[in-house]
2 protein chains.
Amino acid sequence: MPRLYWEDFHPGRTFEHGPRRLPRDEMVAYAAEFDPQPMHLDEAAARQTMLGGLAASGWYLCCILMRMCADAFVLDSSSMGAPGVDEVKWLKPVRPDDEIRLRATVLDTRASKSRPDMGFVRFEFDLFNAAGEKVMALTTSLMLGRRDKAAP
Amino acid sequence: MPRLYWEDFHPGRTFEHGPRRLPRDEMVAYAAEFDPQPMHLDEAAARQTMLGGLAASGWYLCCILMRMCADAFVLDSSSMGAPGVDEVKWLKPVRPDDEIRLRATVLDTRASKSRPDMGFVRFEFDLFNAAGEKVMALTTSLMLGRRDKAAP
């Protein structure tokens, strides 16, 4: 049985996770497979770009964020996934071997009108680098099963 | 030199790519690494969920979409990346071995006020399954270098 149901999420509640190091070889391997733009793939080419040096693909950061959320609370909850994402902001370059921390903050919650067994919880997920700078912010609503409607 | 600059993108212009098959083993390997929720990892457990069977992680689809965009036009353009994502909608489950097609549509474009060497192009990126159903829609603005300001 999950430990966290929809009823356990209240505005302002936070979950934290990390730090998690992002090794250069994994960052570059991801880019080679999914986002082979020069700024994510090659140090010399990246120096000529707006990012001023090799930096993680924003999509790689989304993957890492998802995994950190899973480890922080999602796998221990009645999560039913998400219908989408409201917004993603990539705020600063994330460099090879940076150490990343996650903070998840509940923004608001609402019951589902069509499905009495679930509700929505809207989160802001923030990633911070080792210097404490916010490097990414993502807003999305998760669907979570309700404790009071769970099968006995 | 890139073939496509900011000036080459006009509202309504489309780019297509695919089909690309999403093999079961790659879909599940991604989930094991980044999104290990039961509906993405295990057929029997997934049957008990809202998705009614094993389905791709939405984040895996974002990765695939990025790669299809890269192959469709981004790697042949003056792309400087994106500051974020406006919205992602996961509309239908994507099943193992589904074949996915990408359609990128230019919504609008604008010059940058602060940087005369670049402009923004807002896109809707849609993924379709083999049955022609739209399974995902993503809206974002790419930053692209301008031809008329490119170094000679």
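The values are calculated or read from the model by the stated rules, or taken from the named source; none is laboratory data. Quick caveat, the model's predicted, so the values are computed rather than measured. Heads up, the Cβs are rebuilt from the backbone with ideal geometry, glycines too, and the neighbour counts pull from every protein chain shown. Surface areas here come from the heavy atoms of the whole protein model, side chains and all, with no ligands, DNA or RNA. Shrake-Rupley method; radii C 1.70, N 1.55, O 1.52, S 1.80 Å.
Of all the residues that make up the stretch A:115-149, how many are open to solvent by 30 Å² or more (accessible area, probe 1.4 Å) and more than 18 Å from A:Ser79 (Cβ to Cβ)?
Residues in the stretch A:115-149 being open to solvent by 30 Å² or more (accessible area, probe 1.4 Å) and more than 18 Å from A:Ser79 (Cβ to Cβ): 6 in total.
Of the conditions (1) within 14 Å of another protein chain (Cβ to nearest Cβ); (2) farther than 17 Å from A:Lys92 by Cα; (3) open to solvent by 30 Å² or more (accessible area, probe 1.4 Å), A:Thr14 fails just one. Which one is it?
(1)
Are any of the residues in the stretch A:68-81 free of Cβ contacts under 8 Å to residues at least 40 places away in the same chain, closer than 13 Å to A:Glu16 by Cα and under 14 Å from the mean Cα position of the chain (by Cα)?
Checked against the condition, which is being free of Cβ contacts under 8 Å to residues at least 40 places away in the same chain, closer than 13 Å to A:Glu16 by Cα and under 14 Å from the mean Cα position of the chain (by Cα), the stretch A:68-81 yields at least one hit.
Okay, residues lined up against (1) in contact with a Pro (Cβ under 8 Å, 6 or more places away or on another chain); (2) in contact (Cβ under 8 Å) with a residue 60 or more places away in the chain; (3) part of a loop (DSSP other than H, G, I, E, B):
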site	(1), (2), (3)
B:Pro96	yes, yes, yes
B:Ile100	yes, yes, no
B:Thr105	no, yes, no
B:Arg110	no, no, no
B:Pro116	no, no, yes
B:Phe125	no, yes, no
B:Ala131	no, no, yes
B:Ser141	yes, no, no
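Which of (1) out of contact with any strand residue (DSSP E or B) (no Cβ under 6 Å at 6 or more places or on another chain); (2) crowded, with 23+ Cβ neighbours inside 10 Å; (3) within 11 Å of chain B (Cβ to nearest Cβ) is the odd one out, the single condition A:Met68 does not satisfy?
It is condition (1) that A:Met68 fails.
Could you list, in sequence order, the residues of the stretch A:83-98 that are at the interface with chain B (Cβ under 7 Å from one of its Cβ atoms) and open to solvent by less than 30 Å² (accessible area, probe 1.4 Å)?
The answer is A:Gly84, A:Val85, A:Val88.
Here are B:Tyr60, B:Tyr30: which of them is open to solvent by less than 40 Å² (accessible area, probe 1.4 Å), among the hydroxyl-bearing types (Ser, Thr, Tyr), farther than 19 Å from B:Thr139 by Cα and within 13 Å of another protein chain (Cβ to nearest Cβ)?
When all the criteria are applied, what remains is B:Tyr30.
Residue under question is B:Leu107, and the condition is that it be more than 9 Å from chain A (Cβ to nearest Cβ), open to solvent by 10 Å² or more (accessible area, probe 1.4 Å) and modelled with pLDDT of 95 or more; does it hold?
yes
Mind listing just one residue for me: the one in the stretch A:42-57 that is within 21 Å of A:Pro19 (Cβ to Cβ) and of a type in the set (A, V, I, L, M, F, W, C) and, of those, surrounded by the most Cβ atoms within 10 Å (Cβ to Cβ)?
A:Ala56
How many residues does the stretch A:1-58 contain that are under 17 Å from A:Asn129 (Cβ atoms) and not in a helix (DSSP H, G or I)?
Total satisfying the criteria: 15.
Determine whether A:Met136 is touching a Lys or Arg at 6+ places or on another chain (Cβ under 8 Å), part of a helix (DSSP H, G or I) and closer than 22 Å to A:Asp35 by Cα.
Against the criterion (touching a Lys or Arg at 6+ places or on another chain (Cβ under 8 Å), part of a helix (DSSP H, G or I) and closer than 22 Å to A:Asp35 by Cα), A:Met136 does not qualify.
Among residues belonging to the stretch A:72-82 that are more than 9 Å from chain B (Cβ to nearest Cβ) and assigned to a helix (DSSP H, G or I), point out the one that is most open to solvent (accessible area, probe 1.4 Å).
Checking each candidate, the answer is A:Asp76.
Have a look at B:Arg3, B:Arg24 and point out the one that is surrounded by 13 or more Cβ atoms within 10 Å (Cβ to Cβ) and farther than 27 Å from A:Arg20 by Cβ.
Checking each option against the conditions leaves just B:Arg24.
Within the stretch A:75-83, can one find any residue that is closer than 22 Å to B:Lys92 by Cβ, hydrophobic (A, V, I, L, M, F, W, C) and touching a strand residue (DSSP E or B) at 6+ places or on another chain (Cβ under 7 Å)?
Checked the stretch A:75-83: at least one residue is closer than 22 Å to B:Lys92 by Cβ, hydrophobic (A, V, I, L, M, F, W, C) and touching a strand residue (DSSP E or B) at 6+ places or on another chain (Cβ under 7 Å).
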